[in-house]
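Below is one structure, written out as structure tokens; the observations come after it.
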Amino acid sequence: MHTSLQTANGPSVLLTLTAAFHRWDGSLYLEDQTISGLKAWSDHFSRIVAASVCLETPPPPGWSSISASGLTDFPIELVELPNGYDWADYVKNRSAVSDRFLEIMRRCTYNLFAIGGWIGDWGMTGALTAQKYALPHGIWFDRVESQVILNSSGPGLRSRVLAQIKSAVVRFNERRLLKHADLALLHGRTVFEQLGPLTRNPHIVEDIHLTDDDRIEPKLFERKVKDAASGPLRVVYAGRATAMKGPLDWVEIIADAVRKGVDLRADWLGDGELLDDMKALALKLGVADHITFHGFIADRAVVLDVLRKAHVLLFCHMTDESPRILIEALHSATPLVGYADPFARTLVEENQAGLLSVRSDKSALTSAMMQLNANRKMLQGLITAAEASAKHLTRDEVFKHRSEIVKDELAANPLLTK
């Protein structure tokens, strides 16, 4: 059930993860971002125990084997859990998983659980087990899942009703877990404002996997500012084509701007269930030749290259979340143009590095694109402001901050056994 890679004396931490492991062809695969995060945690704890669902299926793009990742050189124990979101597996294994968590918690200094909130979420099982045995524990939320579910329902009455039911269940679980947690790590200002009032010890954290080396180089930045003075307006977004990202709004805004005389080239990097709908809408609105749909790109260098060449990150997020793509754009000196929420406002207000509108106000974003296309001095100013923003938001800094919060705010396990 687990792979023990290495152990060490000193403060240890149990983490549940949201990205699944994949065991395939004799190897264990982890998401590349998970690998990056585990290495960053290991800078601050002597031993990491990381647990996640493990699927016996081929890994998707963006997953690497532990042998190729270098994780074997770190004091990390990987715990492979059954697929709790399969109802039969959940019923069969929930007691054993709870017992497994209790065994691990007895030998870890700190215990942290990533929360989704739907039935079968093992992070929730771990937190409830800690609560049952009065063990200090923290939880973390990347987004307000109950709102994401509610705003991501498909068309039709049945889909909306099912989404409302599922959202209500998740909201109930969010509240009860937040009520009893000794520490809540909440990703970004948006999530903090939504969930912080529901818990007694909330803290804002970020989840960044960019380093100082990932920031745009000075020579590239200077060239970008110069190139922005003329030519087509370059627009980009990187993320899944799913309802919460507002991809159809994105296409409509591009089309509206083109109809109103903006010469632009747009790139969407990412796949998802609405990607074909985006392509069809672009064709219908006559802007298919203005948009390149790249699909999923595993090569991080390629993604950063597109971000760095863009003049604008156009985003149409429909739910309260704190997406990392906004920070990645600022690291690439790309201003933010999109729907406002507390997270986006915080990033823009640091140096006025963007233009925001209320959610779903597509015409305001079209106007912003027209304004930046017509006023290239303004665009160059926003690019300069973006380059000066978010310099403190690097992987090393945010994981140091997160680890310090855990050590300062979460009591050590009173049942710790060596």
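The values are calculated or read from the model by the stated rules, or taken from the named source; none is laboratory data. Keep in mind that what you see is a predicted model, and the values were worked out from it rather than measured. Glycine also receives a Cβ, built like all others from the backbone with ideal geometry; neighbour counts cover every protein chain displayed.
Take the residues in the range 194-249 that are of a type in the set (Ser, Thr, Tyr) and surrounded by 18 or more Cβ atoms within 10 Å (Cβ to Cβ), then tell me which one is farthest from Gly270 (Cα to Cα).
In this case the residue turns out to be Thr199.
Given Ser67, Ser52, which one is in the same structural domain as Leu17 (by TED's automatic domain parsing) and either part of a helix (DSSP H, G or I) or modelled with pLDDT under 95 (or both)?
Ser67
So for the range 165-182 (the condition being in a loop (DSSP other than H, G, I, E, B) and either under 19 Å from the mean Cα position of the chain (by Cα) or assigned by TED's automatic domain parsing to the domain that holds Tyr133 (or both)), does at least one residue qualify?
Yes: the range 165-182 contains one or more residues that are in a loop (DSSP other than H, G, I, E, B) and either under 19 Å from the mean Cα position of the chain (by Cα) or assigned by TED's automatic domain parsing to the domain that holds Tyr133 (or both).
Quick one: how many residues across the range 343-360 are assigned to a loop (DSSP other than H, G, I, E, B) and buried (at least 16 other Cβ atoms within 10 Å of the Cβ)?
Matching residues across the range 343-360 total 2.
Just give me the residues in the range 128-142 being within 21 Å of the chain's Cα centre (by Cα) and surrounded by 22 or more Cβ atoms within 10 Å (Cβ to Cβ), in sequence order.
Selection gives Gly138, Ile139, Trp140, Phe141.
Among the residues of the range 140-162, which ones are out of contact with any strand residue (DSSP E or B) (no Cβ under 9 Å at 6 or more places or on another chain), at pLDDT below 90 and either hydroxyl-bearing (Ser, Thr, Tyr) or at negative phi (or both)?
Passing the criteria: Ile149, Leu150, Asn151, Ser152, Ser153, Gly154, Pro155, Leu157, Arg158, Ser159, Arg160.
If I filter the range 142-164 down to residues being among the aliphatic types (A, V, I, L, M) and assigned to a helix (DSSP H, G or I), which single residue comes out as farthest from Asn413 (Cα to Cα)?
Leu157
How many of the residues making up the range 200-252 are of a type in the set (Ser, Thr, Tyr) and over 22 Å from the mean Cα position of the chain (by Cα)?
Matching residues across the range 200-252 total 1.
For a quick check of your reading of the model, give me the residue pairs whose first member lies in the range 208-237 and is closer than 20 Å to Arg300 by Cα, whose second is surrounded by fewer than 14 Cβ atoms within 10 Å (Cβ to Cβ) and of a type in the set (Ser, Thr, Tyr), with beta-carbon atoms closer than 6 Å and at least 6 apart or on different chains.
Nothing qualifies.
Restricting to the range 183-192, name every residue that is hydrophobic (A, V, I, L, M, F, W, C) and either free of Cβ contacts under 8 Å to residues at least 60 places away in the same chain or outside any helix (DSSP H, G or I) (or both).
Leu183, Ala184, Leu185, Leu186
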